[in-house]
1. For the range A:118-142, enumerate the residues that are touching a helix residue (DSSP H, G or I) at 6+ places or on another chain (Cβ under 7 Å), of a type in the set (A, V, I, L, M, F, W, C) and within 14 Å of chain B (Cβ to nearest Cβ).
2. For B:Y134, only one of the following conditions fails: (1) of a type outside the set (A, V, I, L, M, F, W, C); (2) surrounded by fewer than 23 Cβ atoms within 10 Å (Cβ to Cβ); (3) facing chain A (nearest Cβ under 9 Å). What is its number?
3. Residues being part of a helix (DSSP H, G or I) and surrounded by fewer than 19 Cβ atoms within 10 Å (Cβ to Cβ): count how many of those fall in the range C:248-274.
4. Inside the range C:222-233, can you point out the residues that are more than 9 Å from chain A (Cβ to nearest Cβ) and crowded, with 23+ Cβ neighbours inside 10 Å?
5. Taking the residues in the range B:131-158 that are under 23 Å from the mean Cα position of the chain (by Cα) and in a helix (DSSP H, G or I) as candidates, determine which candidate is nearest to B:Y70 (Cα to Cα).
6. Only one of these is among the charged types (D, E, K, R), surrounded by fewer than 24 Cβ atoms within 10 Å (Cβ to Cβ) and without any contact (Cβ under 8 Å) to a residue 60 or more places away in the chain: A:R121, A:R100, A:R95. Name it.
7. Check the range A:107-117 and report whether any residue there is away from every other protein chain (no Cβ under 11 Å) and assigned to a helix (DSSP H, G or I).
8. When you go through C:A238, C:A206, C:A182, C:A169 one by one, which is the residue that is within 14 Å of chain B (Cβ to nearest Cβ), buried (at least 24 other Cβ atoms within 10 Å of the Cβ) and not basic (K, R)?
Amino acid sequence: MPRSVRCSALSASLLAEQVLNGLQLGVMLFLMAAGLTLVFGVMGLINLAHGSLYMVGAFACAATAAATGSFWLGLAASLAAAAAAGALVEIAVLRRLYARDHLDQVLATFALILMFSEATRWLFGSFPLYLDVPRSLAGAVELPFGIRYPLYRLMIIGVGLAVALGLFWLIGRTRLGVRIRAGEADREMIAALGVDIARLYTLVFALGAALAGLAGALVGTLQSVQVGMGEPVLILAFVVIVIGGIGSIKGALVGALLVGVTDTLGRALLPSALGAFMEPSGATAVGSAIASMLIYVLMALVLVVRPAGLFGARA
Amino acid sequence: MIPERWLNVALAAGLLAVPLLAVAAGETFTVTLATKVAILGLAGAGLNLALGYGGLVSFGHAAFFGLGGYAAGILASHGIVSMPAIWPVAIATGGLAALAIGALSLRTTGVYFIMTTLAFGQMVYYFAVSWPAYGGEDGLPIYVRNRFSGLDTLDPIQFFALAYVLLLAALALTARIAASRFGLALAGARQNPARLQAVGIRRYGIALTAFVISGAITGLAGALYADLNRFVSPAMLSWQTSGELLVFVILGGTGRLWGPVAGAALYVTLEHWLGGVSDYWRFLLGLLLLGVVLFARGGVIGLLSGPPRHG
Amino acid sequence: MKPTMTAVLAAMALTAPALAEPVKVGMITTLSGGGAGLGIDVRDGFMLAMQQANNPDLELVVEDDQQKPDIAVQLADEMIQSEKVDVLTGIIFSNLAMAVIPSAVAQGKFYLSPNAGPSALAGSGCDPNYFNVAWQNDNLHEAAGAYANDAGFANSFIMAPNYPAGTDALTGYKRFYEGELAGEVYTQLGQTDYAAEIAQIRDSGADSVFFFLPGGMGISFMKQYAQAGVDIPLIGPAFSFDQGILQAVGDAALGVKNTSQWSKDIDNPTNKAFVESFQTEYGRLPSLYASQGFDTANLLLSAMGKAEVTDADAFRAALEEADFASTRGDFRFGPNHHPIQDIYVREVVKEGDVYTNRIVGVALKDHADAYAAECQM
């Protein structure tokens, strides 16, 4: 029997669903990128181990949820564990590196990745952990225009946007925000003003770590909680903040949504679009190959037009 | 403190003596390890030119390393098995890739540059994984090690000799470049871009040239590494490889001529030795690296011969 | 007739030559990083068989390949050049197998594969010294295609990562599946979010979904698939349903049909004893990888009882006989030294607190692979 791949015209509701998927990925990347960009903006530190904090959050959530049966306790544990791990690492190691060049920071945080990964493997073993969405958020809901969409993913979009608003408020409207902005502008100045800069830095780092841990826990329910889960996300988060502009929360949000939507739509549309010109199996292979490079092409384009990213203040 | 020149001589002699003694003792595998050190040292020497001399922290050098490897693998799969024919292609591939990636990445500096090179490295990696023609994720075997007329490249010590000579040549080239007018301009671009601008030299051109030469040397190392393993795969292009190349350079001593060789030697020895100590040996490796960054700045060479003399 | 496990061991003890040459085995497997679970299972299964046989002539060296081809090649060099091993085994991933095996067998070593079975080594690249004790890579996917026909599916959506094993998987499925394709999608290797693909599946009008997503990818996909509320039945090879993975997927996997050459409820004494002793020894249920490691060791032990490893021709002939009690019951080699075996359909079930599989049928009986005809040796 001849086989055929059905070339369906892309329906509007499928497209809308894919855009939602892109937004959800974007929001998740934002949680990662926000911490990275904050830490860089304030302390001038490039932290490769940010992905490890994401992993810590996911493992803490899975372990707590398994022990207590409550996803929400797990979520709280992920925030606490990632923030604690972040603060610990900041105090023990990273604060010695603020004055160093980026090269030392890269090497030290690369070393931290190795240590976090192996320590996690030692604690939890080599098999992936179980973590599922809470029953109250399981299943899909009907949206307008005939879209059915998982409730849990809608919640991730909601949480991500809420965190974005919260961060804008924190940085724009609070005393801590004033200090953070002052710290970005002039470190000596705020030290002279009597702000305990060491504590401020630990706080900012723990905040960034907690956001990464939150992302890890939220995504851990959708994915596999396993050692090494952080690095692919870390690299995407780098792409996000290069596009958005390092140090800018607004840039991280815009960059994350751009990357999320580009990646999702590229994967969904390119193979079938190429199918119009080529035989199907070749089109899917080539289409997937190109789709996997799409966000890097996007990054290259942004760099050509604006080397400091879309909202970058300094290069 | 041991003068750096003596240390370099000792390193060169040591790297030559170990495999020769190993052959005498019948320990063939030690020769393979020494060859690995020479090749990774060569790759590190390429990176060192950009990183140590030019201050360009590239987190994407695996791209050039892997592309050089693929140049060797792909040519071999089409029946071109002569190393002298393969090497120029690997050098050109590494150089051209560095030209393309560098031209875009060097529009940025500092931490942007690190992340951009990392991202472009990942782009090449994903392309290699998903492009089916040359094995994709499975990689590409080179069934018989490529040839070099007059030598039996399958004999470990003769293959080592080839890698060693190329390493010496690359280090000689690096030393010449560092001492040249171009090298001075490159040092200027690292230390004080503004002043360089003031005397009418554009940083971009200088840095890009250094980056291309750096990519070319690393590409050559990639071709040799492919022949050492008789295999190329996307793993050579992965970000972990980029990280390891950085580790070689920094462990040995950034901007020191023989630093990458010292770093690669230490890394390969540790990997070999720690692997036997514990299943969780990578934790120990991480701890050690952390110790070097925090307490032994300047790496092995800095530790033994003090800070570099300023020329 | 198959001798029982104890009978085999007793027979070996009787027939083993008094002054047998020791056999040194080098095991290169993945013991660290994301794929470590598979290597650990193969190693533990292998060591369990060794421990039960208690044959002092068998010596084992285990090394971790970190799932990196270059490390695997160097370990193979080390084992051949400095450890002077006679037999190599252990590699989990096809890309590492392709890096190591051709040059190892070219140097006259035996290689017994406990997991990877790339098509290149089953067809024109086959070698007299290379034996695969697990399966040719396509086998379980072919069985999934055959099962889809039996189950009356006529419009499958098929999906795999975009890398050689992924293309092989879809090719294998299509080799046996006779219906229409509702869609064919290649995902990115290591992809963690399948929302876009799930939306396509829902929209495709498929009556079944075949997917090959090993390791963490499969966990992610199944969880997201269940959450999306799509109820089109899933079919997959056992790689996404092994004992290590199922606990991480949970309810999302319940009821899913998957194809495997092994299951813990295959009814034969060897298998019963294996499952029991593995649980006692390691405190967890064995996976198919553990069974493959166990079978590999027993194959080797059976050959050691018949011939000296120094006499390569005799040893090869002894391996070809495959005269050992397999956990799979019937087991023999085809002309290309790959298994001819039954492949079962299993269903994911929950026994107490533990997610596991139970056999619900046979997908293919005495199944060989598609490449044997290309093998000249």
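1. A:A119, A:F124
2. Against the list (1) of a type outside the set (A, V, I, L, M, F, W, C); (2) surrounded by fewer than 23 Cβ atoms within 10 Å (Cβ to Cβ); (3) facing chain A (nearest Cβ under 9 Å), B:Y134 comes up short only on (3).
3. Start the filter on the range C:248-274 by keeping residues that are part of a helix (DSSP H, G or I), which leaves C:248-253, C:269-274.
Filter once more, so that each one left must be surrounded by fewer than 19 Cβ atoms within 10 Å (Cβ to Cβ): C:250-251, C:269, C:272-273.
The qualifying residues number 5.
4. Going through the range C:222-233, the residues more than 9 Å from chain A (Cβ to nearest Cβ) turn out to be C:222, C:225, C:231-233.
Within the range C:222-233, C:M222, C:Y225 meet the criteria.
5. So the residue we want is B:E137.
6. Working: A:R121 fails: without any contact (Cβ under 8 Å) to a residue 60 or more places away in the chain; A:R95 fails: without any contact (Cβ under 8 Å) to a residue 60 or more places away in the chain.
That would be A:R100, the only listed residue that is among the charged types (D, E, K, R), surrounded by fewer than 24 Cβ atoms within 10 Å (Cβ to Cβ) and without any contact (Cβ under 8 Å) to a residue 60 or more places away in the chain.
7. Here is the first cut: in the range A:107-117, the residues away from every other protein chain (no Cβ under 11 Å) are none.
No: the range A:107-117 contains no residue that is away from every other protein chain (no Cβ under 11 Å) and assigned to a helix (DSSP H, G or I).
8. Numbers: C:A238 fails: within 14 Å of chain B (Cβ to nearest Cβ); C:A206 fails: within 14 Å of chain B (Cβ to nearest Cβ); C:A182 fails: within 14 Å of chain B (Cβ to nearest Cβ).
The unique qualifying residue is C:A169.
The values are calculated or read from the model by the stated rules, or taken from the named source; none is laboratory data. Predicted, not measured: the structure shown is a model, and the values here were computed from it. With ideal geometry, Cβ positions are generated from the backbone for all residues, glycine too; neighbour counts draw on all protein chains shown.
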